Amino acid sequence: MKLVINSLSKTYANGVHALKDVSLTLSNGMFGLLGPNGAGKSSLMRTIATLQEADKGSIFLDDLDVLKNKTEVRQLLGYLPQEFGVYPKISAERMLDHIAQLKGVGNNAERKDLVLQLLESVNLYKDRKKHLGTYSGGMKQRFGIAQALIGNPKLIIVDEPTAGLDPAERNRFYNLLSRLGENTIVILSTHIVEDVSTLCANFAIICQGEVLYAGDPETAVNELNGKIYSKVITQSELGFYKDDYQVISTQLKTGKLHIRVISEAEPDNGFISSIPNLEDVYFSNIATRIDVDTI
């Protein structure tokens, strides 16, 4: 399948211009949508998921007009929003069974097998009889992932899915999404660069409602070869270096400030050439929109 987003824009009643002429084309596989909090990622996800209207533009899932055929789209969609509620006094097993019925899985035996399989895949099988209200944040997140997978969706949207997951749960989630991406369009919205570099064959960077970059991670990193330099400075020197160099990121380690700059030519003043990574791609794009001190 193919998802084509063309010139999508959205402005909220309070004047926030959440999406500004967003255009992207996605095929089967994992697609990472990378950006800081408030960048417009959730607005784009909600629009694709038919939960809000766009002011202008179009979205097509193959030949299906997403903005005009909401019911049909929802039958093909699995969605895990950034925040979602649960019925606290219902078990995970019963809730998934109910959702499966709503999604058209009518055969009792088939539905039972599906629910147990999903609970096993997200490591909740042993807790399947517990009420959802007793679940930890990470367990609720895993339950949310399970409900998004019901009905063999052709398009899966997960918004900040690894929030609240410990490293083992996060790794399990990575593996699950990777398997799903073989035959499905999976959109992974996140501000965690590692999520994208680990999982996604293609990605886009969005900031202040605009797409700043779209491509594959390997090519994006290779484009910065020979352009990234680093140096250890004192905190008081940061202003000087920001005036004279394009500082894309700073990190405080053991009391010392490590800065990374992007430059076409090798800078003087003690900088060391560094191997670029996807974080450099991300920071070099958003640094022009967000002050480096806030990154």
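The values are calculated or read from the model by the stated rules, or taken from the named source; none is laboratory data. Everything numeric in this text was worked out from a predicted model, so none of it was measured. Positions of Cβ are generated from backbone atoms using ideal geometry, with glycine treated the same way; all protein chains shown enter the neighbour counts. Keep in mind that these areas ignore ligands, DNA and RNA; they rest on the heavy atoms of the full protein, side chains included. Shrake-Rupley method; radii C 1.70, N 1.55, O 1.52, S 1.80 Å.
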In this structure, is Asp127 over 20 Å from Glu169 (Cα atoms) and in the same structural domain as Gly32 (by the TED database)? no
Filter result for Ala201 (of a type in the set (A, V, I, L, M, F, W, C) and at pLDDT 85 or above): yes
Hits in the stretch 140-198 (condition: among the polar types (S, T, N, Q) and either part of a loop (DSSP other than H, G, I, E, B) or over 13 Å from the mean Cα position of the chain (by Cα) (or both)): Gln141, Gln147, Asn152, Thr162, Asn171, Asn175, Ser178, Asn183, Thr184
Out of the stretch 270-290, which residues are more than 13 Å from Leu34 (Cβ to Cβ) and open to solvent by 70 Å² or more (accessible area, probe 1.4 Å)? Ile272, Ser273, Ile275, Thr288, Arg289
For the condition open to solvent by less than 60 Å² (accessible area, probe 1.4 Å), at pLDDT below 90 and either assigned by the TED database to the domain that holds Ile192 or of a type in the set (Ser, Thr, Tyr) (or both), what is the one hit in Val66, Val115, Val105, Val73? Val105
Please enumerate the residues belonging to the stretch 187-213 that are more than 14 Å from Glu160 (Cβ to Cβ) and of a type in the set (Val, Ile, Thr). Thr198, Ile205, Val211
Output the residues belonging to the stretch 199-215 that are part of a loop (DSSP other than H, G, I, E, B), over 22 Å from Thr288 (Cβ atoms) and open to solvent by 40 Å² or more (accessible area, probe 1.4 Å). Ala201
For the structure I just gave you, tell me whether Ala39 is open to solvent by less than 30 Å² (accessible area, probe 1.4 Å), in a loop (DSSP other than H, G, I, E, B), modelled with pLDDT under 95 and aliphatic (A, V, I, L, M). yes
Do you know which residues across the stretch 42-58 are in a helix (DSSP H, G or I) and either open to solvent by 20 Å² or more (accessible area, probe 1.4 Å) or over 15 Å from Leu80 (Cα atoms) (or both)? Ser42, Arg46
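A quick yes/no check of all residues on (1) of a type in the set (A, V, I, L, M); (2) under 22 Å from the mean Cα position of the chain (by Cα):
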{"residue": "Gln82", "(1), (2)": "no, yes"}
{"residue": "Lys89", "(1), (2)": "no, no"}
{"residue": "Ala92", "(1), (2)": "yes, no"}
{"residue": "His98", "(1), (2)": "no, no"}
{"residue": "Leu114", "(1), (2)": "yes, no"}
{"residue": "Leu119", "(1), (2)": "yes, no"}
Identify all residues within the stretch 59-114 that are touching a Pro at 6+ places or on another chain (Cβ under 8 Å), assigned to a strand (DSSP E or B) and hydrophobic (A, V, I, L, M, F, W, C); write none if there are none. Leu77, Leu80
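So in the stretch 1-25, with the set limited to residues that are among the small types (Gly, Ala, Ser) and in contact with a Leu (Cβ under 9 Å, 6 or more places away or on another chain), which one is surrounded by the fewest Cβ atoms within 10 Å (Cβ to Cβ)?
Kept after step one, since they are among the small types (Gly, Ala, Ser), are these residues of the stretch 1-25: 7, 9, 13, 15, 18, 23.
This time we only want the ones that are in contact with a Leu (Cβ under 9 Å, 6 or more places away or on another chain), so: 9, 18, 23.
Working: Ser9: 16, Ala18: 22, Ser23: 14.
Looking at the filtered set, the residue picked out is Ser23.
Matching residues to (1) in the same structural domain as Val158 (by the TED database); (2) among the hydroxyl-bearing types (Ser, Thr, Tyr):
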residue: Gly209; (1), (2): yes, no
residue: Ala214; (1), (2): yes, no
residue: Asp243; (1), (2): no, no
residue: Ile248; (1), (2): no, no
residue: His258; (1), (2): no, no
residue: Ser274; (1), (2): no, yes
residue: Glu279; (1), (2): no, no
residue: Arg289; (1), (2): no, no
Take Pro88 and decide whether it is in contact with an Asp or Glu (Cβ under 6 Å, 6 or more places away or on another chain) and within 25 Å of Arg172 (Cβ to Cβ). no
Selection count, the stretch 250-274, where residues are under 29 Å from the mean Cα position of the chain (by Cα) and in contact (Cβ under 8 Å) with a residue 40 or more places away in the chain: 2
Filter the stretch 216-234 for residues that are open to solvent by 40 Å² or more (accessible area, probe 1.4 Å) and either of a type in the set (Ser, Thr, Tyr) or part of a loop (DSSP other than H, G, I, E, B) (or both); the one that is nearest to His258 (Cα to Cα) is Thr234
